[in-house]
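Colleague: Please read through the structure below; I'll follow up with questions.
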Amino acid sequence: MDSSDWYDGSCELVNAFNYICKKWRLPILWYLSQGNFRYYELKRQLYGITNIMLTRSLQDLESHGMIWRKQYSENPPHVEYGLTDQGNKIIPVLKVLEEWGEMQVEFEKRVSS
């Protein structure tokens, strides 16, 4: 692929990064890879996220088929979120990135000392 095509929408890798690399999407997907969470359980895990941003991010991930949302009509009512099959497909990629990040931190420590 010609490098001039990278940002015109024809590069699948750039499209994937543009989708998943919005500020809160990766952390939300990462936490949901550990199991299903209620809204406020997720909020506690995501330090610094606002209610509006969490709600928008969850709605966006749901609309793209990455997560599911289930509302319980119990007393008190609550909502739970989890990964769909499509959302689970990105988790191995995130695990590889995590491993690379750990190796990179170790590399930078060796280089800087």
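The values are calculated or read from the model by the stated rules, or taken from the named source; none is laboratory data. If you're wondering where the values come from, they're calculated on a predicted model, not measured in any experiment. Cβ atoms come from the backbone with ideal geometry, glycine included; neighbour counts cover every protein chain shown. These area figures cover heavy atoms from the full protein model, side chains too; ligands, DNA and RNA do not enter into them. Shrake-Rupley method; radii C 1.70, N 1.55, O 1.52, S 1.80 Å.
Colleague: In a shell of Cβ-Cβ distance under 12 Å around SER33, excluding SER33 itself, what net charge do Lys and Arg (+1) and Asp and Glu (-1) give? Before the final figure, lay out each step's value.
Modeller: Values: positive: LYS89, LYS95; negative: GLU98.
Local net charge: +1.
Colleague: For the chain, which whole-number percentage of the solvent-accessible area (1.4 Å probe, protein heavy atoms only) is attributable to carbon and sulfur atoms?
Modeller: Of all accessible area on the chain, carbon and sulfur atoms account for 54 percent.
Colleague: Still on this structure, please answer the following. Could you provide, to the nearest whole Å², the per residue accessible area of the chain with probe 1.4 Å? List each step's numbers first, then the result.
Modeller: Details: 8130 Å² over 113 residues.
Computed with neighbouring chains in place, this is 72 Å² per residue.
Colleague: Further question on the same structure: Need one word for the chain: rounded, prolate or oblate. Basis is the Cα gyration tensor (sqrt eigenvalues a ≥ b ≥ c); a/c below 1.5 gives rounded, then a/b vs b/c decides. Display every interim value, and only then the final one.
Modeller: On the way: a/c = 2.34, a/b = 1.46, b/c = 1.60.
Cα axes put the chain in the oblate bin.
Colleague: Using the alpha-carbon atoms, what tilt in degrees (0 to 90, nearest 10) does helix 91-112 show relative to the longest principal axis of the chain?
Modeller: 50 degrees
Colleague: So what's the net charge close to GLN104: Lys and Arg +1, Asp and Glu -1, counting the other residues with Cβ under 12 Å from its Cβ?
Modeller: After counting each charged neighbour, the total is -3.
Colleague: Something else: Hey, if you put +1 on the Cβ of every Lys and Arg and -1 on every Asp and Glu Cβ in the chain, which of VAL79, TRP68, ILE91 ends up farthest toward the positive end of that dipole?
Modeller: VAL79
Colleague: Then there's this: Show LYS109, LYS23, LYS89 ordered by accessible area, largest first, where the area counts protein heavy atoms only and the probe is 1.4 Å.
Modeller: On the way: LYS109 115, LYS23 155, LYS89 135 Å².
If we order LYS109, LYS23, LYS89 from most to least accessible, we get LYS23, LYS89, LYS109.
Colleague: In terms of modelled amide H atoms, which long-range or inter-chain residues lie less than 5 Å from the amide H of ILE67?
Modeller: The answer is GLU62, THR84.
Colleague: Another question, if that's okay. Give the relative contact order (percent, whole number) for the chain; include only Cα pairs under 8 Å separated by 6+ residues. All intermediate terms of the calculation are to be shown ahead of the outcome.
Modeller: Details: 82 pairs, mean separation 25.5, N = 113.
This gives 23 percent for the chain.
Colleague: Output the relative contact order of segment 51-113, whole-number percent, from Cα pairs under 8 angstrom with separation of 6+ residues. Before the final figure, lay out each step's value.
Modeller: Numbers: 37 pairs, mean separation 13.3, N = 63.
Dividing the mean separation by the residue count of segment 51-113 yields 21 percent.
Colleague: Mind putting together the pair-distance distribution for segment 4-54? All Cα pairs, 10 Å bins, whole percent per bin, short to long.
Modeller: Distribution as computed: 22, 40, 22, 14, 1 percent.
Colleague: Quick check: net charge around LEU42, other residues with Cβ under 12 Å of its Cβ, Lys/Arg +1 and Asp/Glu -1?
Modeller: Working: positive: ARG38, LYS43, ARG44, ARG69; negative: GLU41, GLU80.
Residues close to LEU42 contribute a combined charge of +2.
Colleague: Give, in nm to one decimal, the length gained when the segment between THR84 and ASN36 is fully stretched (0.36 nm per residue of separation minus the Cα-Cα distance). Intermediate values should be presented prior to the final figure.
Modeller: Numbers: separation 48, 0.36 × 48 = 17.28 nm, distance 1.06 nm.
Answer, rounded to one decimal: 16.2 nm.
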